[in-house]
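Structure record follows, encoded as structure tokens.
The values are calculated or read from the model by the stated rules, or taken from the named source; none is laboratory data. Computed from a predicted model, the values in this text were never measured in an experiment. Here the Cβ positions follow ideal geometry from the backbone for every residue, glycine too, while neighbour counts run over all protein chains shown. The area values use the complete protein model at the heavy-atom level, side chains included, leaving out ligands, DNA and RNA. Shrake-Rupley method; radii C 1.70, N 1.55, O 1.52, S 1.80 Å.
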Amino acid sequence: MKLFSVLRPLLEIAALVGAFIIGLRLVTGLFTRKSQVYRPTGLRQFQLLFWPLLCLGVGLPFLASFLYAPTLSTFELTLLVVLAAVILGFSVPAFLLHLAYYARNQHTTLVFDPKHNQLEVHEGATPIPFSKRDLVRVEYVTCKSEQLFWSPYAYLQLHLRSGHVLTITSLLLKLPPLVEFLRNTPLERRQRWFCWP
């Protein structure tokens, strides 16, 4: 029973953190506006990391409660190991993918306006000139499962005649409208369990 007296405040804090994160996501969703210039913004990163952060925000205080217990029974130790594996198993892969995507598109700016048939990619301040006819092939890689925390992570690789390969990740924007825009190019769709670029 001593464990429950320690767990109650931690669970209340976890519920408050979860409610704050959900409220913040709703408020930021109301005040976003449609833009044709895409960069890795804080709001987009928060949208992708919402569930992993929520998982850590709710699970870590519970795991921390075991540090206050003077001794752990076999059942409590087994519960601790299982919960740690579930919490870290769901959130850590999403954080690793996020870091890889951020490293890939940190300095990338995408100008995409399908109404005016405009698609430009800038690496830093340098524009990379190409048109649709310069695309040899386009690879669109998505996650096989839609139920995992890292499922929203996907990427698009544009293979140019010059030999350059431009990688556009879901850290910049949601990719389905861009894939629809490139539907008349040689488009290859692939699915993987873990979309490492």
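Brief remarks on what is shown
- Test: L49 is open to solvent by 70 Å² or more (accessible area, probe 1.4 Å), hydrophobic (A, V, I, L, M, F, W, C), under 21 Å from L156 (Cβ atoms) and out of contact with any strand residue (DSSP E or B) (no Cβ under 9 Å at 6 or more places or on another chain): no
- Cβ-Cβ under 6 Å pairs, at least 6 apart or on other chains, the stretch 38-62 side closer than 25 Å to V111 by Cα, far side of a type in the set (V, I, T) and at pLDDT 85 or above: R39/T109
- All positions within the stretch 153-188 that are of a type outside the set (A, V, I, L, M), in contact with a helix residue (DSSP H, G or I) (Cβ under 9 Å, 6 or more places away or on another chain) and not in a loop (DSSP other than H, G, I, E, B): Y155, T167, T169, P177, E180, F181
- Index of the failed condition, W150 passing every other in (1) in contact (Cβ under 8 Å) with a residue 12 or more places away in the chain; (2) in a strand (DSSP E or B); (3) surrounded by 14 or more Cβ atoms within 10 Å (Cβ to Cβ): (2)
- For the stretch 73-122, filtering for residues that are β-branched (V, I, T) and exposed (fewer than 13 other Cβ atoms within 10 Å of the Cβ) leaves 5.
- Checking each residue in the stretch 153-166 for being surrounded by fewer than 19 Cβ atoms within 10 Å (Cβ to Cβ), within 15 Å of H122 (Cα to Cα) and either among the hydrophobic types (A, V, I, L, M, F, W, C) or out of contact with any Ser or Thr (no Cβ under 8 Å at 6 or more places or on another chain) (or both) picks out L160, H164, V165, L166.
- Scan the stretch 113-147 for residues that are without any contact (Cβ under 8 Å) to a residue 24 or more places away in the chain, more than 20 Å from A94 (Cβ to Cβ) and of a type outside the set (D, E) and the total you get is 11.
- Every residue from the stretch 127-147 that is exposed (fewer than 14 other Cβ atoms within 10 Å of the Cβ) and out of contact with any Leu (no Cβ under 8 Å at 6 or more places or on another chain): P127, P129, S131, R133, K144, S145, E146, Q147
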